[in-house]
Amino acid sequence: VIGGGLLGLEAANGLATQIAGVNGAAGAPDSLSLAVDVRSDYRGGNCFGEQASGEAELTTYSLQNGELRCDIVSVTRASGSRVSSARSGGVIAGVIDLQFRYAEWSGTDLRYVDSPAVWAQVTAVEVCLHLASPVNAEVDADITDCAGNTRNLSDRRLHRVYRQVFQLRNIDQR
């Protein structure tokens, strides 16, 4: 849906969001892609703090070499042909882990899953970032990591795990 839907500019009028992710195997970091139709009244910014551009934007968040990365592809039609521009960059350094869980409705219950069966039913995303300081902080403490495991990290760096749930609005329900 992401490649052929919004990026193909076939979305109907109005704002629509499409989501897809890759669940890292055996504890490897996850990645997440969001496609947003920005042709209507979209006022959101991208991961670089800029106003979204073009007719649609595909943003992919991933972890590479200890850095949270953001890759953006903007799509516009010019003279009947598709024109894309891309931008990539690091957003946060010192990232140990990046995990996503997806909220979806199962009957009347909201449940969180690592890999949804139907992406169109995802209504929220829980993001977990495990960060560590780059310098020796002379601390040794237990943390609860993104997988929910208590770990004693004795690398003498400050560690912090952040979790936040983001509601997805204007989901394309194809």
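The values are calculated or read from the model by the stated rules, or taken from the named source; none is laboratory data. This structure is a prediction, so every number in the text was calculated from the model and none was measured. For neighbour counting, all protein chains shown are included, and Cβ atoms are generated from backbone atoms with ideal geometry for every residue, glycine included. With ligands, DNA and RNA removed, areas are computed over all heavy atoms of the protein, side chains included. Shrake-Rupley method; radii C 1.70, N 1.55, O 1.52, S 1.80 Å.
Of the residues Arg43, Arg39, Arg82, the single one that is surrounded by fewer than 12 Cβ atoms within 10 Å (Cβ to Cβ) and either more than 22 Å from Ala103 (Cα to Cα) or modelled with pLDDT of 80 or more (or both) is Arg43. Check whether at least one residue in the stretch 55-70 is at pLDDT below 70 and more than 20 Å from Leu98 (Cβ to Cβ), and report yes or no. No - not one qualifying residue is present in the stretch 55-70. With respect to the conditions (1) open to solvent by less than 70 Å² (accessible area, probe 1.4 Å); (2) modelled with pLDDT under 85; (3) closer than 27 Å to Tyr162 by Cβ; (4) not in a loop (DSSP other than H, G, I, E, B), Trp105 lacks only one, and its number is (1). When each of Leu158, Leu153, Leu110, Leu129 is tested for being within 29 Å of Val36 (Cα to Cα), at pLDDT below 90 and not small (Gly, Ala, Ser), the lone residue that passes is Leu110. For the stretch 122-174, a residue qualifies if it is of a type in the set (Val, Ile, Thr) and open to solvent by less than 90 Å² (accessible area, probe 1.4 Å), and the qualifying residues are Val122, Thr123, Val125, Val127, Val139, Ile143, Thr144, Val161, Val165, Ile171.
When residues of the stretch 137-174 are filtered for being touching a residue at least 24 places away in the same chain (Cβ under 8 Å) and either among the hydrophobic types (A, V, I, L, M, F, W, C) or over 25 Å from Ala26 (Cα atoms) (or both), how many remain? Quick ask: steps written out before the conclusion?
So the first thing to find is which residues in the stretch 137-174 are touching a residue at least 24 places away in the same chain (Cβ under 8 Å), and the list is 145-147, 157-174.
Subset that is either among the hydrophobic types (A, V, I, L, M, F, W, C) or over 25 Å from Ala26 (Cα atoms) (or both): 146-147, 158, 161, 165-174.
Within the stretch 137-174, residues that are touching a residue at least 24 places away in the same chain (Cβ under 8 Å) and either among the hydrophobic types (A, V, I, L, M, F, W, C) or over 25 Å from Ala26 (Cα atoms) (or both) number 14.
With the structure loaded, tell me whether Pro134 is in contact (Cβ under 8 Å) with a residue 24 or more places away in the chain and part of a loop (DSSP other than H, G, I, E, B) or whether it fails that test.
Working: in contact (Cβ under 8 Å) with a residue 24 or more places away in the chain: yes; part of a loop (DSSP other than H, G, I, E, B): yes.
When the stated conditions are applied, Pro134 passes them.
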